[in-house]
């Protein structure tokens, strides 16, 4: 009998080492190596499993110019916001990994997609976490048509693959990959080998049968997808389902082999399930009358193929301890600290003894560079008590030297702000290479000129000796 092989495997990425290491050299995670005992026979089955035992084919290379793109390669998911994020619909033979926090609505979204898919064929909903009656109750509560949807409650991979070969669905939904179990890969579901091996089988089957496969995944407490990172490399599309506030949901793509990765889908959660947001222009704006309060600036943010107007809010108060802190979860705290340092250096505003709180109305997470100038104005306004004039929208990137750098899609930002009733727009002086000239807005070259253009030179200069003065 072969002697069992002992080694250590990283629970994060699956990397193997003959001895225990504190840090994985592959993914850089700490304390993730676990001892694994594997027999030579088991290793043979694993390395020569179902995927590698398929019949070999005679292969030869062909010139790329001779390859014809398949017509009708996509089919409609039935939900416009999902189609937008996927790049136009579900690609045949593609695998889509969907993750999100517990209770955010992943299963609801997948059941709605299963019921609304516009394609001739059968749709198979595979669940390892719920019973068929639970799926039916949710479908009735949402008022969905379930005629084209077939449900399979199974966690065994071999049994599931036999059903797939029998049904041959045009689309399959697996909720979730952490529940799958292959006897060839061990006896415990959710391990690195189980997730990696079972996901590979589903991805390969979908590609060979031109079916669209949705794989629902759990997330860790840090918000990343649970399981080995290789699964994200394996699939064609990676989607994150996020919660902006109590009822707004954002579907965001971080990987897409068949379309852009900067698109987002917007939904609201209601009693009848997830509803698409048709006009998101004012979704993240606060409706108020009169002047804006101090610390508020409006920024046109470019997300995917559309512009959203968002309200950046800042609050600056004396530090409660010896060290000032930055509280910001919708804009990277490091970016907030950097903008505060630029203002302190070039305008004489002191933030080193202040606690800074930054929020985005509506709860959307912002990462693009165009928010840096409006963030500067919000921090300046909060520190000095001067409100940004009503009807002013701002966009621009701020460098460490205090310069305002060009940003993409400036013309679309200006047009979106104008359509929402913003008469004044402040932006960078220069244009990105290849952009067409744009007129009708205030051009500023430095953050100091941006402050003066917003608040007026006399007010901005005169207030430096007050609450925001140089110390």
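Return the residues of the stretch 142-175 that are part of a helix (DSSP H, G or I), more than 11 Å from residue 111 (Cα to Cα) and either in contact (Cβ under 8 Å) with a residue 24 or more places away in the chain or within 30 Å of the chain's Cα centre (by Cα) (or both); say none if nothing qualifies.
Within the stretch 142-175, the first condition is being part of a helix (DSSP H, G or I), and the residues that meet it are 142, 157-167.
Okay, now just the ones that are also more than 11 Å from residue 111 (Cα to Cα), so 157-167.
Selection gives 157, 158, 160, 161, 163, 164, 167.
Could you list, in sequence order, all residues of the stretch 33-90 that are assigned to a helix (DSSP H, G or I), modelled with pLDDT of 85 or more and loosely packed, with under 15 Cβ neighbours inside 10 Å?
Let us first name the residues in the stretch 33-90 that are assigned to a helix (DSSP H, G or I), namely 40-47, 64-66, 80-86.
Going one step further and asking which of them are modelled with pLDDT of 85 or more, we end up with 64-66, 80-86.
Selection gives 64, 65, 66, 80.
Please verify whether residue 139 is crowded, with 18+ Cβ neighbours inside 10 Å and under 19 Å from the mean Cα position of the chain (by Cα), treating the condition exactly as stated.
Values: crowded, with 18+ Cβ neighbours inside 10 Å: yes; under 19 Å from the mean Cα position of the chain (by Cα): no.
In short, no.
Looking at (1) more than 28 Å from residue 82 (Cα to Cα); (2) at pLDDT 90 or above, can you tell me which one residue 267 breaks?
The failed condition is (1).
Just to be sure I understand the filter: pairs with C-beta atoms under 6 Å, separated by 6 or more residues or on different chains, first member in the stretch 107-123 and in the same structural domain as residue 217 (by TED's automatic domain parsing), second member in a helix (DSSP H, G or I) and crowded, with 19+ Cβ neighbours inside 10 Å. Which pairs pass?
Every condition considered, the pairs that remain are 123/114.
Scan the stretch 355-392 residue by residue and report those that are surrounded by 21 or more Cβ atoms within 10 Å (Cβ to Cβ), free of Cβ contacts under 8 Å to residues at least 60 places away in the same chain and farther than 16 Å from residue 449 by Cα.
356, 358
Tell me which of these residue 253 doesn't satisfy, since it passes every other one: (1) buried (at least 19 other Cβ atoms within 10 Å of the Cβ); (2) modelled with pLDDT under 95; (3) over 15 Å from residue 88 (Cα atoms); (4) in contact with a helix residue (DSSP H, G or I) (Cβ under 7 Å, 6 or more places away or on another chain).
(3)
Among the listed residues 303, 372, 368, 311, identify the single one that is in contact with a helix residue (DSSP H, G or I) (Cβ under 8 Å, 6 or more places away or on another chain) and within 30 Å of residue 255 (Cα to Cα). Explain how you work it out, then say what you get.
Working: 303 fails: in contact with a helix residue (DSSP H, G or I) (Cβ under 8 Å, 6 or more places away or on another chain); 368 fails: in contact with a helix residue (DSSP H, G or I) (Cβ under 8 Å, 6 or more places away or on another chain); 311 fails: in contact with a helix residue (DSSP H, G or I) (Cβ under 8 Å, 6 or more places away or on another chain).
Among 303, 372, 368, 311, only 372 is in contact with a helix residue (DSSP H, G or I) (Cβ under 8 Å, 6 or more places away or on another chain) and within 30 Å of residue 255 (Cα to Cα).
Is there a residue being in a strand (DSSP E or B), at pLDDT 85 or above, more than 17 Å from residue 308 (Cα to Cα) and in contact with a helix residue (DSSP H, G or I) (Cβ under 7 Å, 6 or more places away or on another chain) anywhere in the stretch 434-453? Show your work before the answer.
Let us first name the residues in the stretch 434-453 that are in a strand (DSSP E or B), namely 442-444, 446.
Next, from what is left, pick out any that are at pLDDT 85 or above: 442-444, 446.
Those left that are additionally more than 17 Å from residue 308 (Cα to Cα): 442-444, 446.
If we keep only those that are in contact with a helix residue (DSSP H, G or I) (Cβ under 7 Å, 6 or more places away or on another chain) too, we end up with 442, 444.
Yes, the stretch 434-453 contains a residue that is in a strand (DSSP E or B), at pLDDT 85 or above, more than 17 Å from residue 308 (Cα to Cα) and in contact with a helix residue (DSSP H, G or I) (Cβ under 7 Å, 6 or more places away or on another chain).
Quick check on my filter: what residues within the stretch 274-287 are outside any loop (DSSP other than H, G, I, E, B) and either within 18 Å of the chain's Cα centre (by Cα) or modelled with pLDDT under 90 (or both)?
Once the filter is applied, which keeps residues that are outside any loop (DSSP other than H, G, I, E, B) and either within 18 Å of the chain's Cα centre (by Cα) or modelled with pLDDT under 90 (or both), the stretch 274-287 yields 274, 276, 284.
Can you tell me which condition residue 290 does not meet? The list is (1) surrounded by fewer than 18 Cβ atoms within 10 Å (Cβ to Cβ); (2) assigned by TED's automatic domain parsing to the domain that holds residue 121; (3) modelled with pLDDT under 90, and all the others hold.
Of the numbered conditions (1) surrounded by fewer than 18 Cβ atoms within 10 Å (Cβ to Cβ); (2) assigned by TED's automatic domain parsing to the domain that holds residue 121; (3) modelled with pLDDT under 90, the odd one out for residue 290 is (2).
If residue 259 satisfies all but one of (1) touching a helix residue (DSSP H, G or I) at 6+ places or on another chain (Cβ under 7 Å); (2) over 21 Å from residue 125 (Cβ atoms); (3) surrounded by fewer than 17 Cβ atoms within 10 Å (Cβ to Cβ), what's the number of the condition it fails?
Of (1) touching a helix residue (DSSP H, G or I) at 6+ places or on another chain (Cβ under 7 Å); (2) over 21 Å from residue 125 (Cβ atoms); (3) surrounded by fewer than 17 Cβ atoms within 10 Å (Cβ to Cβ), only one is false for residue 259: (3).
Report, by residue number, each residue of the stretch 393-420 that is under 23 Å from residue 356 (Cα atoms) and crowded, with 18+ Cβ neighbours inside 10 Å. Can you show your working first?
So in the stretch 393-420, the residues under 23 Å from residue 356 (Cα atoms) come out as 393-404.
Of everything in the stretch 393-420, those that are under 23 Å from residue 356 (Cα atoms) and crowded, with 18+ Cβ neighbours inside 10 Å turn out to be 393, 394, 395, 396, 398, 402, 403, 404.
The values are calculated or read from the model by the stated rules, or taken from the named source; none is laboratory data. Since this is a predicted model, take the numbers as computed values, not measurements. Note that we place each Cβ from the backbone using ideal geometry, even for glycine, and neighbour counts take in every protein chain shown.
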